[in-house]
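Peer 1: If you scroll down you'll find the structure; I have some questions about it.
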Amino acid sequence: MPVGLRDLSRQDVKFAKIVAGGSATTSLVAAVTGKKICVVSYYASSSGNTTWVLKSFDGDSTYTDLTGTMTVKGSASSGLSCDWNPDGHLETLAGEALVVTCGSNAVGGHLSYFLY
């Protein structure tokens, strides 16, 4: 699919909660055979300083980082977001799940995605 044209065709956008405990890797969107998960927006916050990384997971043992380490700072609730991008901010490898690995504090939020 040519870059920049995903917004010209209707996508079946789905939504998922981001609920991840500290110092753990948590599944956000289950793998679908032969499909990529394309994240078009997200928001996450934490009640304290923490880091998190979104990853593609093959279900066995291989994790592929989709983002660099993102940091949420603050003693009160603070967060970060990526606004809507119809071409997607990131995507998993085909047939892989979307997971998040958190630092010491829990992360919560939501994301929007589609499969293709």
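The values are calculated or read from the model by the stated rules, or taken from the named source; none is laboratory data. Please read these numbers as outputs of a predicted model, since none were measured by experiment. Methodologically, a virtual Cβ is constructed for each residue, glycine included, from the backbone with ideal geometry; neighbour enumeration extends over all protein chains shown. With ligands, DNA and RNA removed, areas are computed over all heavy atoms of the protein, side chains included. Shrake-Rupley method; radii C 1.70, N 1.55, O 1.52, S 1.80 Å.
Peer 1: Confirm whether GLY88 is in contact with a Gly (Cβ under 8 Å, 6 or more places away or on another chain), open to solvent by less than 40 Å² (accessible area, probe 1.4 Å) and either modelled with pLDDT under 95 or in a loop (DSSP other than H, G, I, E, B) (or both).
Peer 2: Taking the combined requirement at face value, the residue does not satisfy it.
Peer 1: Scan the range 44-56 residue by residue and report those that are of a type outside the set (Gly, Ala, Ser), over 14 Å from ALA16 (Cα atoms) and open to solvent by less than 40 Å² (accessible area, probe 1.4 Å).
Peer 2: THR50, TRP52, VAL53, LYS55
Peer 1: Also, quick follow-up: Just the residues that are among the charged types (D, E, K, R) and touching a His at 6+ places or on another chain (Cβ under 6 Å), please, taken from the range 48-104. Outline the logic, then answer.
Peer 2: In the first step, residues of the range 48-104 are kept if they are among the charged types (D, E, K, R); the result is 55, 58, 60, 65, 73, 83, 87, 91, 96.
Across the range 48-104, there are no qualifying residues.
Peer 1: Over 14 Å from THR26 (Cα atoms) and assigned to a strand (DSSP E or B): does that describe GLY108?
Peer 2: no
Peer 1: Additional query: Conditions: (1) at pLDDT below 95; (2) among the polar types (S, T, N, Q); (3) not in a strand (DSSP E or B). THR67 meets all but one. Number of the miss?
Peer 2: The number of the failed condition is (1).
Peer 1: Are any residues in the range 44-64 within 12 Å of VAL99 (Cβ to Cβ) and assigned to a strand (DSSP E or B), and if so, which ones?
Peer 2: TRP52, VAL53, LEU54, LYS55, SER56, PHE57, TYR63, THR64
Peer 1: With respect to VAL99, is the statement that it is touching a Leu at 6+ places or on another chain (Cβ under 9 Å) and closer than 15 Å to GLY48 by Cβ true?
Peer 2: Considered against the rule, which asks whether it is touching a Leu at 6+ places or on another chain (Cβ under 9 Å) and closer than 15 Å to GLY48 by Cβ, VAL99 comes out as no.
Peer 1: Additional query: Looking only at residues in the range 16-43 that are small (Gly, Ala, Ser) and not in a strand (DSSP E or B), which one is most open to solvent (accessible area, probe 1.4 Å)?
Peer 2: For the range 16-43, the residue satisfying everything is SER23.
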